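The structure under discussion appears below in the form of structure tokens.
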Amino acid sequence: MPNAERPEYRHFVFSRVMGQWYQLRDEDLEAPQHFAPGDAFQQGVIAPAPQAPYSSPGDAFGQPARFGMPADAFGQPYGAAQAARAPQTRTRSLSGKDETRIMWFSGAVVALVGVLIVITTFLPWLHFMGFQLGSGWNAMMHGSSGNGFSIFIHGEGVLFFTGFWSILVGLAVITGGVMLFMRYTAGSWVARIAGGAGVICSAMTIITIVTHSLSAGAGLWLFNLVSLAAVIVSVWSIRAFQ
């Protein structure tokens, strides 16, 4: 029934949540507003998302933004990439004592390889039916017909480098090792070039022997392998120093 003392409260409303009756005025009741589907933004019911500056692909590296684009949850424009970072490197300078130790070790190893090349001169270079026919030293001192000193033996389809070349290559590699021991990095190139020459001379001699139905001896094979080792060791030595 209406409230006699406050006639403006003429509406009775029951709240299911509170479980009580309430008296309301006309002003307390507002008619529901209806909007068309496209009027949500026009009526202010749904506020548009804030616009943030758009970053072009080139703006990810610190260039100013030029166009508008919504920002993501972290405040960064959509599509913006993180600036690239240069990889961190650590450099350690060698002390004079470290440099000396490396150069001494490299020089000793290269010189040792050169000594091994010289030793291969006196090992068997040629086999035939299981018989040792001579070493690189014998080939150098007696040649093909026993007429004296020979640097190489050549003829029709024959090119045989004698022990002169293994001695020469070995001494050159030893020289390169001594230069490295004295902290001259050019010694690495001397040993490298000499080792390459030894590989070529021994390989051509092996090919000549094999094509004439003979067998290369252990000394000639070692001449080839140790010359290759001289090239590898000399390259390693200069890289270790750098």
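Name the single residue that is modelled with the lowest pLDDT among those in region 103-122 being farther than 13 Å from T175 by Cβ and buried (at least 21 other Cβ atoms within 10 Å of the Cβ).
So the first thing to find is which residues in region 103-122 are farther than 13 Å from T175 by Cβ, and the list is 103-106, 108-109, 112, 116, 119-122.
From what's left, buried (at least 21 other Cβ atoms within 10 Å of the Cβ): 103, 106, 120-121.
Details: M103: 80, S106: 85, T120: 95, T121: 94.
Among them, the one singled out is M103.
Can you name the number of the only condition in (1) surrounded by 15 or more Cβ atoms within 10 Å (Cβ to Cβ); (2) at pLDDT 90 or above; (3) of a type outside the set (F, W, Y) that I207 fails? If we test I207 against (1) surrounded by 15 or more Cβ atoms within 10 Å (Cβ to Cβ); (2) at pLDDT 90 or above; (3) of a type outside the set (F, W, Y), just (1) comes out false.
Taking G176 as the residue in question, decide whether it is surrounded by 18 or more Cβ atoms within 10 Å (Cβ to Cβ) and within 32 Å of the chain's Cα centre (by Cα). Here the answer is yes, as G176 does meet what is asked. Considering S234, S150, S227, the condition of being within 14 Å of A111 (Cβ to Cβ) and buried (at least 19 other Cβ atoms within 10 Å of the Cβ) is satisfied by S234 alone.
Let's see how each residue does on (1) over 17 Å from P124 (Cβ atoms); (2) crowded, with 18+ Cβ neighbours inside 10 Å:
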| site | (1), (2) |
| --- | --- |
| A139 | no, yes |
| I167 | no, yes |
| A186 | yes, no |
| G198 | yes, yes |
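Within the span defined as region 220-229, every residue fails to be modelled with pLDDT under 90, of a type in the set (A, V, I, L, M, F, W, C) and part of a helix (DSSP H, G or I). Listed by first and then second residue, the pairs linking a residue in region 1-12 that is under 8 Å from Q23 (Cβ atoms) and surrounded by 13 or more Cβ atoms within 10 Å (Cβ to Cβ) to a residue that is among the charged types (D, E, K, R) and at pLDDT 70 or above, with Cβ atoms under 7 Å apart and 6 or more places separating them unless they lie on different chains, are Y9/R25.
The values are calculated or read from the model by the stated rules, or taken from the named source; none is laboratory data. From a predicted model like this one, the values you see are computed outputs, not experimental measurements. Note that each Cβ is placed from the backbone with ideal geometry, even for glycine, and that neighbours are counted across all protein chains shown.
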